[in-house]
Every structure is written in C-alpha cells, then in structure tokens.
Amino acid sequence: MRLFKQSLVVCLFFACFFSCQEESKIEVEEESKSEYAKFVDAMSAEGIATGNILVYEKGEVVFKSSNGLRSINPIDSLDLNSQFRLASVSKQFTGMAIMKLKEAGKLEYDQKVNTILTDFPYDNITIRQLLHHVSGLTDYERIIVENFIKEDTTKQYILGNDEILKEFYRVDPELDFNPGEKWEYSNTGYLVLASIVEKVSGQHFRDFLKEQITDPIGMTHTVLYKYQMNADSKMPNRVFGYRKALNQTDLISNDYDIVNDVRGDGGIYSTLDDLYKWNMALAKHTIIPKSYLDEAWESGQTNDGAFTGYGFGWFLEYNPGEPRIINHSGGWVGFVTFLQNEVDAQSGFIILTNNSGEHFESIYDNIERLKAGESYQMPRTSIYKEMAKRIYDKDVNEAITFYKSVKTDTINYAVSESDINQLGYLLINEDKVDAATQIFKLNRDEHPKSANVYDSYGDALLMQGDSIQALENFKKCFEMDDSLMYAKDKSEALETALKN
C-alpha cells in the first residue's frame, strides 16, 4: 500500500465540491498548454475546482495553476498567492521545530515529556514517541466533545493548546495503549509537541516558527494563524473552507471548528511558492544539517521492532537504499491538502484545496499519472450526489428510479454501498427521515449480504417510531457480523425499553 493512501485515511471526512465558470477563474502560469493545464481545463469544464497546484522537477517549477473560490461570502476567486490552511501538513513544521531545539542542545528526543511539561500526567512518554505517533495519547477532540462545558452557550468558542491541555489534565484520560505498543495517528501528540517548543524556547509557537524556520528560508506568506471567523484585513489572501449543500445548489461555509486555534497538529496557512521553498530547503539541507534530516526520515518503530513508515512529521514512501520520498496529507474543515517531496530527485508537487475534498483523490491520482507520462482520467459522476439532487428537485422515488437506471454503468458513475449509506445519514441530518428510510431500504435490498446496511436501516426505522422492525434489523446485523457490537448494544437497549 502506498503511504499516501495510508496518510489519506487519517484525514477522511465528508466532502463536497463547487466550481462556477462565471464566478471563478483559472490561472495557469505557463505559455503553452501542458498536459497538466489540459487536465485542469477539463476538470473546470465539468464544474470541478482543482484548487492550487504546483509541480516541480529537478528543482524547477514546471506547472502552477489556481482554479476555484477563495471565499463564498463575498464570492472571490483563488489566485496563485492564496494562503490555504495546511491542516496536518503543518506537522512537519512542528517536527522541524523540535529538531531545531535539539540542534540548539535544549532537549533530547528520548527525554520524558513530563520533565518539560510538569503537569503532563504520564511519566512514560518521550518526545520521540510523540513524533512517531506511538505515544498512546487519546484524541483531544473527543475529550473536548465529551467534557468541555460552554459557560456562554451563545458564544462560538475557539480553543487553543492552553485551554485544551487544561481540560485534558483535568479529565486525566487513560492512555489508549501503552507507549510504543502500536502506531496510531495522534493529533494530541503534535499539540503537546508545540507546547513543548513553547515551554523550552520561551516563545509562542507562532513566533518560534517565524524566527527559526519560515523567515530564514524566505517563506514570507506562511503563518500560524490566530483564527478568526470573519475576513481579516491583515491577511487579505486567506482562503476560507466551504462545501456544497446536499441539494447540490447552495454553498455552505466549512471553515469554523471549536478547536481551530490548536497549534502543532495544524493551523499553519501557506502558499504554493512558500511550500515549494520549504521542500527545496529540505532537499538542499539549508534549514538544518543533513544528519538531522536523515534521522527525521527514518521510520519509527513499535516496541516489537515493527516499522511504522512515519518519521518526524512525514510519511515515508521509500525503502532503505531507495531515493527518498516523503509526504503528508492534511484534512480539516473545508481544506484538503497534500505535499509531496521527492527529496533526492528534487522533484515533487503540492495540492491545496478548500472545497471540502470532493474529487481530491482524483486530482492527486491524475497528478501522479501525468508525472509518469500517462494520460489523465476524468472522475466518474457520483451517483449519490445525483440522487440527492433529485430528492430535492422532486422526491425520493425519482432518486431511486434514477439509481436503478444507472447502477450498472460503473464506467460513468461511482456506485458503492458506502456512498448510498452516507446519503441516508446526510438526509437524516437534513431532517428528511422518511427519505432516508427509503434510501437505507434500497441499500439493504441491493446489498443483502452486508451486515451494516441492516443497522443503518434500523436507525432510520427507530427514528420513525417503528421499534419492532428496527429491533429485527439490529439483530440481523449482529447475527451476520458479531464484531459489530454497536448493533448488539442497540438491540439490547431497545429490548429493555420495549419490556418497560
């Protein structure tokens, strides 16, 4: 499995797309139409925004493009100077910050975290384990969702490291596993790393990054942003995340989250040109000596000696002795990003999007194809989006008729059980429970050997008040797959309720 596909898994979330020929523009920085430019044109002709893309070979930029919307309120187009939220692509900058402190003799990788952050409640976790995602720390987002109490329910809170660590220390959750026992991607670990940088350096992480990393290599449009919801006159090129509504017409902001001020695991905004400078500084060892990078690009290991394929903020897509390729994806609110650095070849590419990730994998796959000298392939039409449009334009019966008419046309349409299941839950979120129930029933009828479709159908039936049929479907789900404990739990809870 390519490590990109592993890294993409950690940032998957529901995503939608938008591109409007009249309101957005394509900016391609080249005179002749390359295959890359033809691909961007073809996508745009189908109403698909490709965001900002840069490709470079042997240290020279061979293609740059900008295609999409920077904001939806007001409508404004992207350009080549647009500053995107990098999401988890930010982690490599956190890794570099730790490396700079190591270079300065201010910490050791195998130093215990609680020797620096004295309130840290675990005495068996090291900095290296945080870097390699083997610490066992539980997810801070879950801690906030389950425990954070809003003193003012009318206020939209924006939490950062200090507030989150305070809550984390108060809750004092158990580790998900013993440190080093296994690899598990950890945003919490990189939040803690940024707080370590602040404690050791005596500087805010934003200032440390600017002074020690971005300014020295000329990344003048890269910043750890102090998040605010509205437009910021001090950052006019800032990009906002958005998505298309389920009705396939309206645009919806997808930019805010309560933990948007967390630093270390994300929060950095940057541009194509700055990220190109960053990749080249790494390839040429101008930011830190090669010996530090060699260690940062060695795979972490679990306690049993298994290699994880992850370094100090990078996924590693090479074997010992092969040309080094490092990369990372990012996904947060409306942003999906990817940074590829073929270090030894001084080649790579950058993809920055803000339309909630629809067609992102197609963009990535086609950049890889074109780099390899192959032809691009247009993405298939999403059948569940076409169904959603028909539900809103007419009714659910129209959507089901459409599904049955095209479900075997897998050349032109992307058809899957999971997509139809997702459509059902999205309809529930839109308070269209009756339509969702019919969609779940369709999915059950189409995939009778799949256990999960019975659970989903049961959820909708229960919301409609049909407890008897809901119970039958929950039981059927667990009978077919006894690893799906959630169906067993629902069955037992429903049986208890029916007896009372």
Out of 202, 189, 241, 218, which single residue is touching a strand residue (DSSP E or B) at 6+ places or on another chain (Cβ under 7 Å) and of a type in the set (Gly, Ala, Ser)?
241
So residue 158 fits all but one of (1) in contact with a Gly (Cβ under 7 Å, 6 or more places away or on another chain); (2) open to solvent by 40 Å² or more (accessible area, probe 1.4 Å); (3) among the β-branched types (Val, Ile, Thr); what number is the exception?
(1)
Is it the case, given these coordinates, that residue 211 is open to solvent by 10 Å² or more (accessible area, probe 1.4 Å) and within 23 Å of residue 331 (Cα to Cα)?
no
Filtered residue count, the stretch 109-150, keeping only those that are within 23 Å of residue 312 (Cβ to Cβ) and part of a helix (DSSP H, G or I):
10
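The values are calculated or read from the model by the stated rules, or taken from the named source; none is laboratory data. Computed from a prediction, not measured in an experiment: that's the story for all the values here. Note: ideal-geometry Cβ built from the backbone for every residue, glycine included; neighbour counts use all protein chains shown. Just the protein is used for accessible areas: all its heavy atoms, side chains included, with ligands, DNA and RNA removed. Shrake-Rupley method; radii C 1.70, N 1.55, O 1.52, S 1.80 Å.
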